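Student: I have a structure here, written as C-alpha cells, and I will follow up with some questions on it.
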Amino acid sequence: MTLSTSSNFAKPDDAFRAVVEAHRGLSDEQSADLDAALVLILANHIGDIAVLHEAIALAKRRMLDASQQQQQQQQ
C-alpha cells in the first residue's frame with residue numbers, strides 16, 4: 001500500500017469540519033490528546049508501518065515548509 005495524498009472523501013469539507021468540530025470546547029491539552037488518539041486509531045486502522053513512516057515524513061516536511069514560509073514573511 002502507498003500513501004494516498006489525494007482526497008478520498010466525497011465531501012472533503014465535511015471531513016475537515018468533523019475534525020474541527022471534535023475540538024470545539026476542548027482545552028489545548030485536551031485537543032492535543034484528541035489529535036494523538038485520533039492519529040493512533042487511524043494508524044492502527046491502516047495497519048501498514050511503511051505507510052505510517054511515509055505519512056510522518058510528509059507531515060514533518062509540511063510543518064517545516066510552513067515554518068520556513070512564516071519566517072520568510074516576517075523578514
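Student: Tell me the label-point distance for the pair Leu38, Ser7, using the 7 Å Cα-to-Cβ offset, in nm and rounded to one decimal.
Tutor: Label at Leu38, label at Ser7, 1.6 nm between them.
Student: Shifting gears a bit: Charges at C-beta only: +1 for Lys and Arg, -1 for Asp and Glu. How large is the resulting dipole of the chain about its Cα centre, in Debye rounded to 20?
Tutor: For the chain, the charge dipole is close to 220 debye.
Student: Separate question: In whole Å, largest first, what are the principal axis extents of the Cα atoms in the chain?
Tutor: Reported extents, whole Å, longest axis first: 42, 34, 26.
No lab work stands behind these numbers, since they all come straight from the coordinates. From a predicted model like this one, the values you see are computed outputs, not experimental measurements. Note: ideal-geometry Cβ built from the backbone for every residue, glycine included; neighbour counts use all protein chains shown.
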